[in-house]
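Working notes, beginning with the structure itself.
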Amino acid sequence: MRKTLVIAAVTAMVSVPSYADTYFALGIGAGEYDYSGPSSELPAYKQINDMGSFGLKIGNYLNESLRAYGYIRLSVSDSYLNTDVTTREAGAGADYLHYVTSQFYLLAGGNLGYQKTVLEDEDTSSSFKEDSTGLSSGINLGLGYSFTENFALEAGYRYSYFFSNNIKNSNLGVDVDVDSSYNAYLNAKFRF
């Protein structure tokens with residue numbers, strides 16, 4: 001899986017014209033998962049919907065108002081009774097930046113990627129680990145402030161939708177869809 005994530009991020013990055021300014025961003029976030037399906041009403045899924053995330057973007061500015069990037073992101077839920085959810089994503093996206101001043105800007109963007117979600121219960125009596133893979137898409141809105149020509153902070157809100165993300169274990173009665181995630185984020189962006 002790691003090899004797939006690295007290949008997707010590098011492919012997305014090099015598919016952007018090389019004459020553009022390069023940047024990378026490190027991000028952290030907090031939000032929640034949205035579940036559906038027969039098992040989604042169980043207490044465990046109500047307790048593990050909170051999640052945190054960490055991400056890396058590498059991309060290029062096509063002009064001052066448009067940038068494209070490859071990304072990898074890891075999201076992990078709270079643990080409840082030794083049960084948690086982890087999502088790994090890799091893909092490509094683009095953002096439009098609207099400058100309000102020379103340093104302050106608003107941004108809106110979208111992404112399309114590949115995700116793998118793992119539901120794990122490490123309880124010794126009934127431990128299991130089930131996963132699901134598929135496409136993911138997302139949109140984000142935010143704002144940023146450039147402290148220097150090469151460094152900026154960005155804050156925003158991201159919604160990610162996971163296609164066909166059903167996790168099922170009929171022996172244990174688990175049948176849940178991890179439909180989406182909602183995530184407030186903070187990025188540190190470095191441009192060179």
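The values are calculated or read from the model by the stated rules, or taken from the named source; none is laboratory data. Computed from a predicted model, the values in this text were never measured in an experiment. For neighbour counting, all protein chains shown are included, and Cβ atoms are generated from backbone atoms with ideal geometry for every residue, glycine included. Just so you know, the surface numbers come from the protein's heavy atoms only, side chains and all, with ligands and any DNA or RNA stripped out. Shrake-Rupley method; radii C 1.70, N 1.55, O 1.52, S 1.80 Å.
Some observations on this one:
- When the chain is treated as a Gaussian network with alpha carbon springs shorter than 10 Å, the biggest mean-square fluctuation among Ser137, Ser65, Ser180 belongs to Ser65.
- Percent carbon-and-sulfur accessible area, segment 115-192, ignoring ligands, DNA and RNA, probe 1.4 Å: 55
- Per residue value of the accessible surface for segment 61-192 (all protein chains in place, 1.4 Å probe), Å²: 48
- In segment 76-177, chymotrypsin sites (Phe, Trp or Tyr not before Pro) in a DSSP loop with at most 14 other beta-carbon atoms within 10 Å: Phe147, Phe163
- Helix 2-14 axis, angle to the chain major axis (alpha carbon atoms, nearest 10°): 20
- Residues considered: Ala25, Ala68, Ala44. Largest GNM mean-square fluctuation over the chain, using C-alpha springs under 10 Å, is found at Ala44.
- When the Gaussian network model of the chain links Cα atoms closer than 10 Å, the mean-square fluctuations of Asn169, Asn111, Asn60 top out at Asn169.
- FRET E, pair Ala188, Tyr161, Förster distance 30 Å, beta-carbon r, rounded to 0.05: 0.70
- Remark: segment 92-104, residue by residue, has Karplus-estimated 3J(HN,Hα) of 9, x, 8, 10, 9, 10, 10, 7, 7, 10, 5, 10, 9 Hz, where x stands for each Gly or Pro and the curve is 6.51 cos²θ - 1.76 cosθ + 1.60 at θ = phi - 60°.
- Within straight-line reach of Lys189, meaning a Cα separation under 14 Å, sit the following aspartates and glutamates at least 8 residues removed in sequence or on another chain: Asp21, Asp95, Glu149, Glu154.
- Potential lengthening between Tyr114 and Phe151 on full extension [0.36 nm per residue; Cα-Cα distance subtracted]: 10.4 nm
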